[in-house]
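Enquirer: Structure provided below as structure tokens; questions to follow.
The values are calculated or read from the model by the stated rules, or taken from the named source; none is laboratory data. Fair warning: this is a prediction, and the values are worked out from it, not measured in the lab. Quick reminder, even Gly has a Cβ in these numbers, built from the backbone with ideal geometry, and neighbours come from all protein chains shown. We work out accessible area using only protein heavy atoms, side chains counted, and drop any ligands, DNA or RNA first. Shrake-Rupley method; radii C 1.70, N 1.55, O 1.52, S 1.80 Å.
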Amino acid sequence: MGRPLALWWIVIRPLYTTVDDVLLTGREWFTGEVPEAAVVLVHGFSASTEDPKVCRVAEALQADGLDVVAYDARGHGRSEGASTLGDLERHDVAAAVDVARERSERVVLVGASMGAIAVLRYAASIDDPESLDGVVTVSCPAQWRLPRNARGMLAAALTRTPPGRAVASRLMRVQVAPRWTNPEPPIDLVPRITCPIAVIHGSADRFVAPGDAAELHAVANSPRRIELVPDLGHAFEPESIPAVRDAVAWVLAQP
């Protein structure tokens, strides 16, 4: 199913400039042959293109004969700017889509958690949503609500308080914007997307409830697909890889 290793290569280049002039560092996994399509892979909060979990997803998709374009989201890793938790990150997605189209006219967006919010916001905002071959979300919330547990309290502190943002900057190397923009939640974005959409969620996700996946799937246009993955926690865990590969293949098989 994969390609010979000799025909693969990886490129790292700080050349992604967004329409609001944020410089992003990108990483690309290319297949040496003409790719069937290109995947724009978007990580979640506090991750980056150096995260082994993100890299494993990219390598699996590359082994399927796909180009993969990823980047450190604004405020993360080696990129400039400040994180808006999925709102202005739509501009990051747009910059990566432009790079992906350099080698393939077919583009699929795959985002996890904050990255899922970003790809939905981009797909819902473009003039021609059908110019995308599809969208795959992993661990995406439907509404702006945090779980009433330690992880939810920590997330709120890190993103919505000055001391928390200072900790995120110093210990996590994530710059969080000081103001929450309160944009439309994902459940309001999904109905505006007309390309195929696949919703993936983990049954063991303690940060975003599995029921959010059902809410998003219920308002999605056809063709649509949902998969609840047993034992998967949050975002790009190893258990998500088979589901992501299957979802991308399903998207590309749609007429």
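Enquirer: Please count how many residues of region 171-198 are surrounded by 13 or more Cβ atoms within 10 Å (Cβ to Cβ), aliphatic (A, V, I, L, M) and not in a loop (DSSP other than H, G, I, E, B).
Expert: 6
Enquirer: Moving on to the next point. For region 128-139, which positions are out of contact with any strand residue (DSSP E or B) (no Cβ under 7 Å at 6 or more places or on another chain) and either modelled with pLDDT of 80 or more or exposed (fewer than 14 other Cβ atoms within 10 Å of the Cβ) (or both)?
Expert: D128, E130, S131
Enquirer: What pairs come up if the first residue lies in region 98-126 and is crowded, with 24+ Cβ neighbours inside 10 Å, the second is outside any helix (DSSP H, G or I) and at pLDDT below 95, and their beta carbons are under 7 Å apart, counting only those six or more places apart or on different chains?
Expert: Taking only residues 6 or more apart or on different chains, the pairs are M114/L85.
Enquirer: Can you tell me which residue is most open to solvent (accessible area, probe 1.4 Å) among those in region 199-255 that are in contact with a Phe, Trp or Tyr (Cβ under 9 Å, 6 or more places away or on another chain) and not in a loop (DSSP other than H, G, I, E, B)? Step through it out loud before you land on a result.
Expert: Keep residues of region 199-255 that are in contact with a Phe, Trp or Tyr (Cβ under 9 Å, 6 or more places away or on another chain), which gives 223, 225, 233-235, 244.
Checking the rest, the ones that are also not in a loop (DSSP other than H, G, I, E, B) come to 225, 244.
Details: R225: 68, V244: 2 Å².
So, considering only residues that are in contact with a Phe, Trp or Tyr (Cβ under 9 Å, 6 or more places away or on another chain) and not in a loop (DSSP other than H, G, I, E, B), the one most open to solvent (accessible area, probe 1.4 Å) is R225.
Enquirer: Being under 19 Å from the mean Cα position of the chain (by Cα) and of a type in the set (V, I, T) narrows it down to one residue among V176, V167; which is it?
Expert: Numbers: V167 fails: under 19 Å from the mean Cα position of the chain (by Cα).
Answer to the selection: V176.
Enquirer: Tell me which of these A82 doesn't satisfy, since it passes every other one: (1) touching a strand residue (DSSP E or B) at 6+ places or on another chain (Cβ under 8 Å); (2) closer than 23 Å to A253 by Cα; (3) surrounded by fewer than 23 Cβ atoms within 10 Å (Cβ to Cβ).
Expert: (2)
Enquirer: Do we find a residue being of a type in the set (S, T, N, Q), more than 21 Å from R121 (Cβ to Cβ) and in a helix (DSSP H, G or I) anywhere in region 161-170?
Expert: Here is the first cut: in region 161-170, the residues of a type in the set (S, T, N, Q) are 161, 169.
From the residues that got through so far, the ones that are more than 21 Å from R121 (Cβ to Cβ) too are 161, 169.
From what is left, the residues that are in a helix (DSSP H, G or I) are 169.
Checked region 161-170: at least one residue is of a type in the set (S, T, N, Q), more than 21 Å from R121 (Cβ to Cβ) and in a helix (DSSP H, G or I).
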